[in-house]
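Chemist: After the structure tokens below, expect a handful of questions from me.
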Amino acid sequence: MPRIIVENLTRTYGRANKAVDNVSFIVEDGELFTLVGPSGCGKTTTLSCIAGLDNPTEGTISIGEREVFNSRTNTHVPCEERNVGMVFQTYALWPHMTVRQNLEVALKLRKVSAADRKRKIDDALDMVDLSKLGARYPHELSGGQQQRVALARALVYSPSVLLLDEPLSNLDAKLRLQARSWLKSVQRELGITTIYVTHDQDEALALSDTVAVMSGGHMLQKAPPETVYKKPASQDVAAFIGRMNFLPARVVEPGAGGKSLTTVQLVGTDDRFQIDAANDHGLSVGDEVTMAFRPEDVALVHSDATAGADMPNHIEGTIKASTFAGACYEYHLDVGGYEVEAFDRAQGLSGRCKITFGPQSVLLYPGISIATGKIDASASDAPAGVPA
């Protein structure tokens, strides 16, 4: 299967509205590459440009050895000649056609013989475990079955690449998990180069070889799922991927001169924390920073307990609320006047407690530019910043 190369892709609507702004990336042969981000970030527009359903303003797009779009040479290969398979969010099945007839449309357009059409349809339906449902109409199928028909239709003519635009968004939570696992298995078995678009972070992390986080038409980070989750490249990525606590601080002692730890002080308090110096981005004394750490990396212990006393980072807090979330309890705490979220398996924690976390669990980002959970703060003493 070919790889996909996108260079300096820009799509502008009107004079100044850039839905996609100078985006470049490569999807390797057989890779499952996911574009993830909030609504309006440009991910579907990017996918549509690759499919040939939208005409970019600038840039180049290549599928394998073939250049399908180039703004400089005025090259634009029509959608039907790009040999891409696409699954839409709504599935877009013909309601008056049976399952087999829905698959047959694409083959007839390509003038495939009747014998070959039957063989390809049989193979495609067998691949998605729908061999016995070929005579049914879309309304006679469940949502998961309709999703599989849409995928079979996209694969029946052996496309070079597969493009998926939020194909699981119409399924219920349990069925989405099943379909996610099944879809990944099919993609691996076929080895087909795939671009997947979703706003669901869990879906992106679970499915992908590479995750690209988009916002405002820009690509903020492109990396393996584990890297995007554990080492978000910016505060915006950290705020979007998973749950994250943000606290404003100032550097007291940077991790310079071979020191392994950086010391920061929480704004408005005397509390200090030690952070892995590898996460401090070359900061200096007095620099304003945002501490970022995930709720699952926080341990909660009773204030009088000795557990966690040997940890370099521990601070007193008061539990304000708790929520049962199945696998754990989600606790919301007042810590030095700031709100902190922590996950813990223990039930019924209340009152004063101590939260602890390790130096490697915290990331530092230059500046205080994300709302940091100040509790009942007035405009005059709240940290400067904008909402995440």
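Chemist: Condition (residue is more than 29 Å from residue 61 (Cβ to Cβ), open to solvent by 30 Å² or more (accessible area, probe 1.4 Å) and in contact with a Lys or Arg (Cβ under 7 Å, 6 or more places away or on another chain)) applied to the range 102-114: is it met by at least one residue?
Modeler: The answer is yes; a qualifying residue exists.
Chemist: Moving to a separate point now. Out of 220, 205, I need the residue that is of a type outside the set (Ser, Thr, Tyr), part of a helix (DSSP H, G or I) and closer than 26 Å to residue 51 by Cα. Which one?
Modeler: When all the criteria are applied, what remains is 205.
Chemist: Which number in (1) in a strand (DSSP E or B); (2) at pLDDT 95 or above; (3) crowded, with 22+ Cβ neighbours inside 10 Å marks the one condition that residue 247 misses?
Modeler: Going through (1) in a strand (DSSP E or B); (2) at pLDDT 95 or above; (3) crowded, with 22+ Cβ neighbours inside 10 Å one by one, residue 247 breaks only (2).
Chemist: Quick one: residue 139 ticks every box in (1) under 19 Å from residue 190 (Cβ atoms); (2) open to solvent by 60 Å² or more (accessible area, probe 1.4 Å) bar one, so which box is it?
Modeler: Of everything listed in (1) under 19 Å from residue 190 (Cβ atoms); (2) open to solvent by 60 Å² or more (accessible area, probe 1.4 Å), residue 139 misses just condition (1).
Chemist: Taking the range 204-239 on its own, how many of its residues are of a type outside the set (A, V, I, L, M), crowded, with 18+ Cβ neighbours inside 10 Å, over 17 Å from residue 21 (Cα atoms) and without any contact (Cβ under 8 Å) to a residue 40 or more places away in the chain?
Modeler: Matching residues across the range 204-239 total 2.
Chemist: Run residue 295 past the list (1) over 25 Å from residue 368 (Cβ atoms); (2) modelled with pLDDT of 90 or more and report the number of the one that doesn't hold.
Modeler: (1)
Chemist: Here's another thing I want to ask about it. Identify, please: which residue in the range 308-320 is open to solvent by less than 50 Å² (accessible area, probe 1.4 Å) and over 18 Å from residue 292 (Cα atoms) and is, among those, modelled with the lowest pLDDT?
Modeler: 308
Chemist: OK, next. Looking at this structure, is residue 53 under 23 Å from residue 4 (Cα atoms) and surrounded by 13 or more Cβ atoms within 10 Å (Cβ to Cβ)?
Modeler: Yes.
Chemist: Okay, moving on. Looking at (1) modelled with pLDDT of 95 or more; (2) within 34 Å of the chain's Cα centre (by Cα); (3) open to solvent by 40 Å² or more (accessible area, probe 1.4 Å), which one does residue 61 not meet, given that it meets all the others?
Modeler: Checking residue 61 against (1) modelled with pLDDT of 95 or more; (2) within 34 Å of the chain's Cα centre (by Cα); (3) open to solvent by 40 Å² or more (accessible area, probe 1.4 Å), the one that fails is (3).
For every residue, the table says whether it meets (1) open to solvent by less than 10 Å² (accessible area, probe 1.4 Å); (2) in a loop (DSSP other than H, G, I, E, B).
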| residue | (1), (2) |
| --- | --- |
| 9 | yes, no |
| 12 | no, no |
| 15 | no, yes |
| 19 | no, no |
| 44 | no, no |
| 48 | no, no |
| 72 | no, yes |
| 90 | no, yes |
| 96 | no, yes |
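The values are calculated or read from the model by the stated rules, or taken from the named source; none is laboratory data. Remember, predicted model here, so these are calculated numbers, not experimental data. FYI the Cβ positions are ideal-geometry reconstructions off the backbone, even for glycines, and counts take in every protein chain you see. When the accessible area is computed, the model is the full protein with side chains, heavy atoms only, and any ligands, DNA or RNA have been set aside. Shrake-Rupley method; radii C 1.70, N 1.55, O 1.52, S 1.80 Å.
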